[in-house]
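Below: one structure, written as structure tokens.
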Amino acid sequence: MRIDIVTIFPEFFRVLDLSLLGKARQTGLIEVTAHDLRDFTHDRHRTVDDTPYGGGAGMVMKPEPWGEALDAIVGDGASDALLVVPSPAGEPFTQQLARELAAEEHLVFACGRYEGIDQRVVDHYATRMRVRLISLGDYVLNGGEVAVMAMIEAAGRLVPGVVGNPESLVEESHEGGLLEYPSYTKPAAWRELEVPPVLLSGNHGAIAAWRREQQLERTRRVRPELLD
Ligand SMILES: COC(=O)COc1cccc(COC(=O)c2cn[nH]c2)c1
């Protein structure tokens, strides 16, 4: 998988060299490149924003630098890459969407800042490639970088070979549409709190049943809408 990120804070993504994805990068499973949007400006101040047409507070990201940056990544014609734009106006990011991103060969992330990117950037690239606005949640961040980091982690860990034990990807929250059961490890007693005895019973059928019941109870309590 190839990942390109366009941002005014490319150094923000240095951390990807350290985490789980660092190994994926070393093994070539996932190649990540962060591009500085300001490298695609031509004025002395490397300007990427301007005042909004129609007035209003804040600034809008100019289309020209985005056009040059994205063309440098996907060429100047049609592209099979998927352009992902984190946005409060996007479709909700879910584990299913993470699976879809993980299946892509080439992801390009556009990190908006200020009040957003000139709409014509999305409109233009939608004629040349698939574009998806994706929301992490119903809140506003100062820019797309944090959202892109979350999406890269959620999708990257699903890329075969990135996570050592693929088994660990199955028994987790939202796999199978339910929240995960509570987990315990040694010691059997800690601060007067005991591990549920069924987990020490060695009765694998009873353990599986208890875990399933825990998943249903927790999902019903915390996220009932997931059961619809
Ligand atoms: C066409 O799309 C754009 O212009 C996007 O522009 C912006 C502007 C400011 C901040 C962001 C980052 O995304 C979020 O705040 C966000 C994502 N999920 N929940 C909150 C993006």
Which pairs turn up if I take residues in segment 148-172 that are on the phi > 0 side of the Ramachandran plot and look for partners that are in a helix (DSSP H, G or I) with beta carbon separation below 9 Å, at least 6 apart in sequence or on another chain? GLY161/ALA24
I need the full set of residues from segment 131-148 which are more than 6 Å from the ligand (Cβ to nearest atom) and within 14 Å of VAL6 (Cβ to Cβ), in order please. VAL131, GLU145, VAL148
Going through segment 24-56 one residue at a time, which ones are surrounded by fewer than 15 Cβ atoms within 10 Å (Cβ to Cβ) and touching a residue at least 24 places away in the same chain (Cβ under 8 Å)? THR27, GLU31, THR33, ASP39, GLY56
Search segment 97-111 for residues being more than 10 Å from the ligand (Cβ to nearest atom) and touching a residue at least 60 places away in the same chain (Cβ under 8 Å), and hand back the single one that is nearest to PHE12 (Cα to Cα). PHE109
Those residues of segment 128-145 which are open to solvent by less than 80 Å² (accessible area, probe 1.4 Å) and either of a type outside the set (Asp, Glu) or over 24 Å from VAL48 (Cβ atoms) (or both) amount to ARG128, MET129, VAL131, ARG132, LEU133, ILE134, SER135, LEU136, GLY137, LEU141, GLY143, GLY144
Selection from segment 24-69 of residues that are among the β-branched types (Val, Ile, Thr), part of a strand (DSSP E or B) and more than 24 Å from ARG14 (Cα to Cα): VAL60
Evaluate segment 164-177: report whether one residue or more is open to solvent by 40 Å² or more (accessible area, probe 1.4 Å), out of contact with any helix residue (DSSP H, G or I) (no Cβ under 6 Å at 6 or more places or on another chain) and closer than 30 Å to PRO10 by Cα. yes
Hey, could you check segment 70-96 for residues that are in a loop (DSSP other than H, G, I, E, B) and within 16 Å of the ligand (Cβ to nearest atom) and say which is least open to solvent (accessible area, probe 1.4 Å)? PHE93
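The values are calculated or read from the model by the stated rules, or taken from the named source; none is laboratory data. If you're wondering where the values come from, they're calculated on a predicted model, not measured in any experiment. Backbone-built Cβ (ideal geometry, glycine too); neighbour counts: all protein chains shown. What goes into the accessible areas is simple: the full protein's heavy atoms, side chains included, and nothing from ligands, DNA or RNA. Shrake-Rupley method; radii C 1.70, N 1.55, O 1.52, S 1.80 Å.
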